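Asker: Have a look at this one before I ask anything.
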Amino acid sequence: MLRQALRAADVPPFHAMAMARRAGEVEARGQRVFHLEVGQPATGAPAAARAAVVAAMERADPLGYTNAPGSMALRRRICRHYAEAYGVEVATDDVIVVAGASAGFTLAFLAAFDAGDRVGVLEPGYPCYRNALLALGVEPVAIPVGPDTRWAPTPELLAAAGELDGLVIASPSNPTGTVLSAERMAAVVQWCATNNVQLIADEIYHGITYAGPATTVLAATRDAVLVNSFSKYFSMTGWRLGWMVLPQHLRDAVERLQQNIYICAPHVSQVAGLAAFDATAELDGHVQRYASNRQLLTAGLAAAGITQVAAADGAFYVYADVTELATEAGDSMALCYQWLDGLGVAATPGLDFDLARGHRFVRFSYAGAAADIAEACDRLAQWVR
Ligand SMILES: Cc1ncc(COP(=O)(O)O)c(C=O)c1O
């Protein structure tokens, strides 16, 4: 008999990717599309990373498997990064290089949780935590956050979720761009320690902040799993490269899981990633561009009457309450399809990020080109009129 696991049947789509696919279909019909749907820099890997890869090719480096935890040179460079950027000591043994943050979550969830465990995920939040947990038979427990706490979790909100085995947080967060202050981070860490909850901290948007650097979870605890990636600040989404900093009790399990599930992260990407750490001037230039895109998008949306946006200090998204427009269209999903088909403006429906309230919200990404953002806003303003 042909079979599909019930768990797999229940895994929802990642709507941002589904929307990107639909946008591709619209483009294939010859219509121009302005991409505000996917959180992907318009730029490629930094020049130094590309040069390092070219040099490896010219040396005919076989670029075979690395050790499961990753090349020692890259792991040492990651440790140096924590010392220089945060003043935090990290040992190379604590670092495992992975195939993007996404692989890091799979490894962390498999190492830390059993089927049936309950793991808190913030709503709105990045949907793949919830969906990957579901795929592994772990129960995601939604913890709603809103503007009253600046979209940040508090011990009171966490306590309201009932008994938990784990908690996933992200700072800066997707879709709201919320950055947890050192005090808020310490309060979450303390709550997890008191309640015996395994904390997993996604720091993928570190480096993309607009009001000073974000604090790392490692400054408050060494019991959490930290996940980071080359996809965002380093502008290397397709290279599929990230890293984890692990607490001692999960290190061996994650290494064994990596050996068996992925073997190692792509070697060529590890070569590029090592060089990317020295491309600060180029990469900080991208962050300056995001900062000006952010103003452009916020002003452009305001001109289209979209003013209810989450206060954000990081990442490259505007998460907007579009209740009125969404209600007219049916919901935010229908609204996004109307915008894509009618205006060529691609945005992501809030339903990706929040099952309860997302039908009233839309996420706009400003990682792309300024000219596209400006044109998309003009089209939205005309449409609203
Ligand atoms: C919060 C967050 N975590 C993880 C990811 C996926 O990262 P990666 O490309 O490293 O797998 C994304 C991608 O958009 C994200 O927004």
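The values are calculated or read from the model by the stated rules, or taken from the named source; none is laboratory data. Because the structure is a prediction, the values reported are computed rather than measured. Cβ atoms come from the backbone with ideal geometry, glycine included; neighbour counts cover every protein chain shown.
Asker: Is it fair to say Leu133 is crowded, with 21+ Cβ neighbours inside 10 Å and over 23 Å from Leu218 (Cα atoms)?
Answerer: yes
Matching residues to (1) in contact with a strand residue (DSSP E or B) (Cβ under 8 Å, 6 or more places away or on another chain); (2) more than 15 Å from the ligand (Cβ to nearest atom):
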site: Ile208; (1), (2): yes, no
site: Pro213; (1), (2): no, yes
site: Val217; (1), (2): yes, no
site: Leu226; (1), (2): yes, no
site: Ser231; (1), (2): yes, no
site: Ser235; (1), (2): no, no
site: Pro247; (1), (2): yes, yes
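Asker: Oh, and also: Can you tell me which of Phe105, Phe109, Phe34 is in contact with a strand residue (DSSP E or B) (Cβ under 6 Å, 6 or more places away or on another chain), surrounded by 16 or more Cβ atoms within 10 Å (Cβ to Cβ) and not small (Gly, Ala, Ser)?
Answerer: Of Phe105, Phe109, Phe34, the one residue that is in contact with a strand residue (DSSP E or B) (Cβ under 6 Å, 6 or more places away or on another chain), surrounded by 16 or more Cβ atoms within 10 Å (Cβ to Cβ) and not small (Gly, Ala, Ser) is Phe34.
Asker: So, in the stretch 348-368, of the ones that are out of contact with any Phe, Trp or Tyr (no Cβ under 9 Å at 6 or more places or on another chain) and touching a residue at least 40 places away in the same chain (Cβ under 8 Å), which residue ends up surrounded by the most Cβ atoms within 10 Å (Cβ to Cβ)?
Answerer: The extreme case among them is Gly358.
Asker: Could you pull out the residue among Gln295, Gln288, Gln308, Gln259 that is in contact with an Asp or Glu (Cβ under 6 Å, 6 or more places away or on another chain) and more than 16 Å from the ligand (Cβ to nearest atom)?
Answerer: Gln308
Asker: Tell me, yes or no, whether the stretch 178-199 has at least one residue that is closer than 18 Å to Val38 by Cα and either surrounded by fewer than 24 Cβ atoms within 10 Å (Cβ to Cβ) or within 11 Å of the ligand (Cβ to nearest atom) (or both).
Answerer: Scanning the stretch 178-199 turns up no residue that is closer than 18 Å to Val38 by Cα and either surrounded by fewer than 24 Cβ atoms within 10 Å (Cβ to Cβ) or within 11 Å of the ligand (Cβ to nearest atom) (or both).
Asker: Right, next: Among (1) in contact (Cβ under 8 Å) with a residue 60 or more places away in the chain; (2) under 21 Å from Pro213 (Cα atoms), where does Gln295 come up short?
Answerer: Result: Gln295 passes all but (1).
Asker: Give me a count of the residues in the stretch 211-221 that are buried (at least 16 other Cβ atoms within 10 Å of the Cβ) and not polar (S, T, N, Q).
Answerer: The total comes to 4.
Asker: Hey, another quick one. Quick check on Val119: is it over 16 Å from the mean Cα position of the chain (by Cα), surrounded by 20 or more Cβ atoms within 10 Å (Cβ to Cβ), on the phi < 0 side of the Ramachandran plot and within 14 Å of the ligand (Cβ to nearest atom)?
Answerer: It is false that Val119 is over 16 Å from the mean Cα position of the chain (by Cα), surrounded by 20 or more Cβ atoms within 10 Å (Cβ to Cβ), on the phi < 0 side of the Ramachandran plot and within 14 Å of the ligand (Cβ to nearest atom).
Asker: Residues that are modelled with pLDDT under 95 and within 15 Å of the ligand (Cβ to nearest atom): which helices (runs of 4 or more DSSP H) entirely in the stretch 1-101 hold 3 or more of them?
Answerer: 15-28
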